[in-house]
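The values are calculated or read from the model by the stated rules, or taken from the named source; none is laboratory data. Small disclaimer: the values here were computed from a predicted structure and weren't measured. Cβ atoms come from the backbone with ideal geometry, glycine included; neighbour counts cover every protein chain shown. Remember, those area values only see protein heavy atoms, side chains included, never the ligands or the DNA or RNA. Shrake-Rupley method; radii C 1.70, N 1.55, O 1.52, S 1.80 Å.
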Amino acid sequence: MFNEIEKEALSFLPVNPYQLKGFAKATVHKSSHVYLNKDKHYYSVPFIYMGKKVLIIYSKTTIEIYHGQRIIASHQRDYSKYLYTTNKEHMPTSHQFVAEWNPERFIQWGASVGEFCKSFIIQILDKKQHPEQSYKSCTGVLSLAKKVGNDRLNNACKRAMDYEKINYPIIKSILEKGLDFIDEDPAIEDKEIPIHNNIRG
């Protein structure tokens with residue numbers, strides 16, 4: 001029965017294996033890119049969709065971006081954090097792709113201060129769903145190097161991460177109080193035994 005009826009009706013197997021797909025909603029930024037929070041990566045769409053709500057459908061290897069029921073862009077998936085995948089045809093003629101502020105620039109700026117500062121900046125960027133929300137904090141932290149120098153700022157970032165507090169106010173407070181000069185572990189800093197007649201040994 002197989003040879004007589006079914007064999008001729010068979011079709012070829014798919015060239016590529018089936019891939020599960022995920023979904024994410026996004027708004028097109030003024031840079032003509034959308035941000036996939038899962039990978040912390042940017043993908044371009046045609047500039048006419050700036051400010052529009054879109055749907056990102058992603059598989060292990062591909063990214064498809066839809067506005068309504070229409071696909072407006074597709075890319076190979078890139079897992080590199082804070083980088084951009086850009087189709088130049090999506091950009092307006094007057095547009096400069098490398099914006100004045102972007103995550104990569106802040107990370108490089110932090111690295112120029114020191115490794116702790118770089119890690120601190122990355123953690124600020126990771127805290128928000130959209131890195132743009134953290135740009136003000138990043139700028140505030142990094143600008144402190146002009147006042148106190150790279151070494152003090154780098155030490156302050158290390159101490160803030162020991163406290164597990166990742167924000168601009170904690171860095172400013174550490175520097176104002178001179179806590180970046182202190183080497184003690186913050187976890188035991190306040191546990192010194194006071195001098196008292198009733199304490200033995």
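A few remarks follow.
- Looking only at the range 17-42, residues that are in contact with a Lys or Arg (Cβ under 9 Å, 6 or more places away or on another chain), in a strand (DSSP E or B) and open to solvent by less than 20 Å² (accessible area, probe 1.4 Å) come to 4 in all.
- The lone criterion from (1) open to solvent by 20 Å² or more (accessible area, probe 1.4 Å); (2) part of a helix (DSSP H, G or I); (3) closer than 18 Å to Ser119 by Cβ left unmet by Lys165 is number (2).
- Given (1) touching a Ser or Thr at 6+ places or on another chain (Cβ under 8 Å); (2) within 30 Å of Gly140 (Cα to Cα), number of the condition Glu115 does not satisfy: (1)
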